[in-house]
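What follows is a single structure, written as structure tokens, with notes after it.
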Amino acid sequence: MRMVDLIAQKRDGEKVDIEDIETFVREYTDGNIPDYQASALAMAIYFQGMHKEESSALTKAMAASGDQLDLSAISGTKVDKHSTGGVGDKTTFILSPLVAAAGVPVAKMSGRGLGHTGGTIDKLEAFPGFQTELDQDHFLQLVNDYKIAIAGQTGNLTPADKKLYALRDVTATVDSMPLIASSVMSKKIAAGADAIVLDVKIGSGAFMTDLDSAKELATTMVDIGKSLGRQTVAVLSDMDQPLGNKVGNSLEVQEAIDVLRGEGPEDVRELSVRLAAHMLVLGGKVEDVSAGEALARTYLQDGRALKVFRDFVERQGGDPALVDQPERLGQASFQIPVKATKSGYVTHIHAANIGQAAGRLGAGRMTKDDDIDYHVGIELYRKVGEQVQKGDPIAVLHANEESVEELVQFVRDSYEISEWSAEPRPLIFSEME
Ligand code: URA
């Protein structure tokens, strides 16, 4: 294959050979194709899109470009969940013990946060002593014995995606549906999932800000999953305001524990229950989503999911007493209220800005080597649709420094307060399989 011919074919909208895509991924990973040719191809894909077979081939080749986890030693259908990224999203801590309680194995490899969205591994490390570095045998053993383990990504997973993503980031080619879809799906497939539930977020805190593009991304990912033999479903959910009321590492863990206790905010609970229900269907435990929801609700109400979570924290080195008393996870030194400057109804909370504000307080990293502060973050006292009076606290910053006036203003500006209440957005827009 001559790389220049592949670029020209894609530029002209012709269908390209699957073998050429495989060769491109292999040779680019090995350093035999220069970045300028790979970026020309990415730009041609950006404008011309990809046929289904092409994006499947790209995904498969990227998944095969490095280590691939072999989960065959774990009995049962391994169902993974992936969210396209959001602010305040703590559903993993709720649905993982829920489905594990029903006997569906959760063998989850998760990442750390970068930018305005937090990472599952960072949030778990809010438990002092929690071990996220597990060697592969130990990880497989835990899932086989107890149905749940969550570990940080190790090994050399999808190096082709890492290289291509870094290139896309600096060549304005991140926002290409087939490239996003192949990037996400290659990582799930390399992580060994038999079936995948995708939570595709829509709104001001998400990659996809409108329903049509979220649907297109969801369809592309579901098609790729199926073409590679993985049952895949997508749930399209709202991210036009943060999920739940708490954003920040230990704050989010506390809120997840509230939901596991049968309390906590409705949006977090409802989304967790729906995603868990799909996982229970794919894991072969129930016939349909409504039976899955009923089972998930039972396990939340009778404390079974909470017990699985407590035991999981203990096995991975955390103190289970903190699950019973999550307020002991610690708190930041200062609680600084953000007050409404007018009366009315909250019509929008800019989710990405809230995530950014939490990051600037220290909850996230700007570069991958930054340390994070587990205790800082933002608590939302008012969500969309609620009424406020001038002077009411609408949010609280949990900070470890006192002078955060600029962030107080930034969070205040992230709220839109209008005279009339807005039509509420659905929590779940649609589902695809
Ligand atoms: N997330 C990914 O993993 N890949 C993309 O291309 C975009 C978002």
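The values are calculated or read from the model by the stated rules, or taken from the named source; none is laboratory data. What you are looking at is a predicted structure, and each value in this text was computed from that prediction instead of being measured. For neighbour counting, all protein chains shown are included, and Cβ atoms are generated from backbone atoms with ideal geometry for every residue, glycine included. Only protein heavy atoms, including side chains, enter the accessible area calculation; ligands, DNA and RNA are left aside. Shrake-Rupley method; radii C 1.70, N 1.55, O 1.52, S 1.80 Å.
Values for this structure:
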quantity: Region 64-91, residues that are within 21 Å of Gly119 (Cβ to Cβ), away from the ligand (no atom under 16 Å from the Cβ), of a type in the set (Val, Ile, Thr) and not in a strand (DSSP E or B); calculated: Thr91
quantity: Filter pass, Thr209 being within 16 Å of the ligand (Cβ to nearest atom), more than 30 Å from Pro128 (Cα to Cα) and at pLDDT below 95; calculated: yes
quantity: Boolean, Thr84 is within 25 Å of Lys307 (Cβ to Cβ), under 11 Å from the mean Cα position of the chain (by Cα) and buried (at least 24 other Cβ atoms within 10 Å of the Cβ); calculated: no
quantity: Check on Glu54, at pLDDT 95 or above and out of contact with any helix residue (DSSP H, G or I) (no Cβ under 8 Å at 6 or more places or on another chain); calculated: no
quantity: Which listed residue is touching an Asp or Glu at 6+ places or on another chain (Cβ under 6 Å), among the small types (Gly, Ala, Ser) and farther than 30 Å from His375 by Cβ, from Gly155, Gly225; calculated: Gly155
quantity: Inter-residue pairs, beta-carbon under 8 Å, first over 28 Å from Asp267 (Cα atoms) and in region 183-204, second within 12 Å of the ligand (Cβ to nearest atom) and of a type in the set (Val, Ile, Thr), 6+ apart; calculated: Ser186/Thr59; Ser186/Thr158; Ile189/Thr59; Ala190/Thr158
quantity: Among the candidates Gly152, Gly203, residue that is closer than 18 Å to Ile121 by Cβ, among the small types (Gly, Ala, Ser) and either within 13 Å of the ligand (Cβ to nearest atom) or within 15 Å of the chain's Cα centre (by Cα) (or both); calculated: Gly152
quantity: Checking Asp20 against (1) open to solvent by 80 Å² or more (accessible area, probe 1.4 Å); (2) part of a helix (DSSP H, G or I), the condition it does not meet; calculated: (1)
quantity: Single condition Thr173 does not satisfy, out of (1) in a helix (DSSP H, G or I); (2) open to solvent by less than 10 Å² (accessible area, probe 1.4 Å); calculated: (1)
quantity: Residue match in region 322-335 (condition: at pLDDT 95 or above, open to solvent by less than 30 Å² (accessible area, probe 1.4 Å), in a strand (DSSP E or B) and under 18 Å from Gly88 (Cα atoms)); calculated: no
quantity: Residues being near the ligand (Cβ under 8 Å from one of its atoms) and buried (at least 23 other Cβ atoms within 10 Å of the Cβ) - total across region 158-167; calculated: 1
quantity: Checklist (1) within 16 Å of the ligand (Cβ to nearest atom); (2) surrounded by fewer than 18 Cβ atoms within 10 Å (Cβ to Cβ); (3) modelled with pLDDT under 95 applied to Gly49, failing item; calculated: (3)
quantity: Residue that is nearest to Asp199 (Cα to Cα) [pool: residues in region 389-433 that are hydroxyl-bearing (Ser, Thr, Tyr) and touching a residue at least 24 places away in the same chain (Cβ under 8 Å)]; calculated: Ser430
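Per-residue answers, yes or no, for (1) over 27 Å from Ala101 (Cβ atoms); (2) open to solvent by less than 10 Å² (accessible area, probe 1.4 Å):
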residue	(1), (2)
Asp194	no, no
Leu198	no, yes
Phe207	yes, no
Asp212	yes, no
Gly229	yes, no
Asn249	no, yes
Ile257	no, yes
